[in-house]
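> If you scroll down you'll find the structure; I have some questions about it.
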Amino acid sequence: MSRIGRQPIAVPSGVTATIEKGLFKVKGPKGELTVPHNPAIEVQQQDGTLSVTRPDDRQDHRALHGLTRTLVANAVHGVANGFTINLELRGVGYRARLNGTSLELTIGYSHPVVIAPPAGVSFAVPEPTRIDVTGIDKQLVGQVAANVRKVRVPDAYHGKGVRFVGEKIALKAGKAGATGGKGKK
């Protein structure tokens, strides 16, 4: 049995779940999400918890068991609490600011880069070098954060660019490091 798939999902108060064949709908204080899943995998609700079961031990059913449970758990958590991914800007003069709901980045190009959030995602800029991406859909929040990071990926020599908070960048040695700091005589 899948270790992830057999764990029950606690449904917090204020969250309602509707289960149909191949479709899971959840509604909470933050919003509403619909999760499609394979109809062979069953989602059941009882006593304030959700459980996911598979019909047999076929390879494809075993693979879908844990996946479906995780998608359902993420949807329940998203409508109850939401998801936030934090990004930081590193580099001289690198700044972010909100222009309405759009994010405007000044990150070393000749022009500012403007990123409009898709529906269900919002940006916050608590500091000029920090960006918070927030929403109820974990996959969408992660994709938008990755797209913001992709605008200026941290370079390998100085580490300048957009990175996730806490992300470690392995810096390469420059020319002086390659020769030991001594030039030719």
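Here, each number is a calculation from the coordinates, and none is a lab measurement. From a predicted model like this one, the values you see are computed outputs, not experimental measurements. Note: ideal-geometry Cβ built from the backbone for every residue, glycine included; neighbour counts use all protein chains shown.
> Computed FRET efficiency, Cβ-Cβ of Val113 and Asn81, R0 35 Å: what is it to the nearest 0.05?
0.70
> Over all Cα pairs of segment 9-80, how is the pair count split among 5 Å bins, expressed in % and running from 0 up to the last occupied bin?
Reading the bins upward from 0: 3, 18, 31, 24, 14, 6, 3, 1.
> Diagonalise the Cα gyration tensor of segment 45-165 and give the resulting equivalent ellipsoid semi-axes, square root of 5 times each eigenvalue, largest first, whole Å.
Over the Cα atoms of segment 45-165, the semi-axes work out to 37, 17, 11 Å.
> Moving on. Can you compute the modelled spin-label distance between Ala156 and Arg95, with each label point 7 Å from Cα toward Cβ, in nm?
For Ala156 paired with Arg95, the spin-label model returns 3.2 nm.
> Once phi is turned into θ = phi - 60°, what whole-Hz ³J(HN,Hα) does the Karplus curve with 6.51, -1.76 and 1.60 give for every residue of segment 34-45, x standing for Gly and Pro?
Per residue, the Karplus-derived 3J(HN,Hα) values read 10, 10, x, 8, 5, x, 6, 8, 9, 10, 10, 10 Hz.
> Tilt of helix 138-151 relative to the longest C-alpha principal axis of the chain, in degrees (0 to 90, nearest 10)?
That works out to roughly 10 degrees.
> Quote the charge dipole size of the chain about the Cα centre in Debye, to the nearest 20; the model charges only the Cβ of Lys and Arg (+1) and of Asp and Glu (-1).
1280
> Also, I was wondering about something else. For the ranges 8-21, 26-39, what's the packing order if you count other beta-carbon atoms within 10 Å of each residue, average per peptide, and put the highest first?
Put in order of decreasing packing, that is 26-39, 8-21.
> At a Förster distance of 22 Å, what's the computed FRET efficiency of Glu104 paired with Val165, Cβ-Cβ distance as r, to 0.05?
0.65
> Sticking with this one: Among Leu171, Ala124, Ile4, whose Cα lies farthest out toward the positive end of the dipole of the chain, if unit charges sit on the beta carbon of Lys, Arg (+1) and Asp, Glu (-1)?
Leu171
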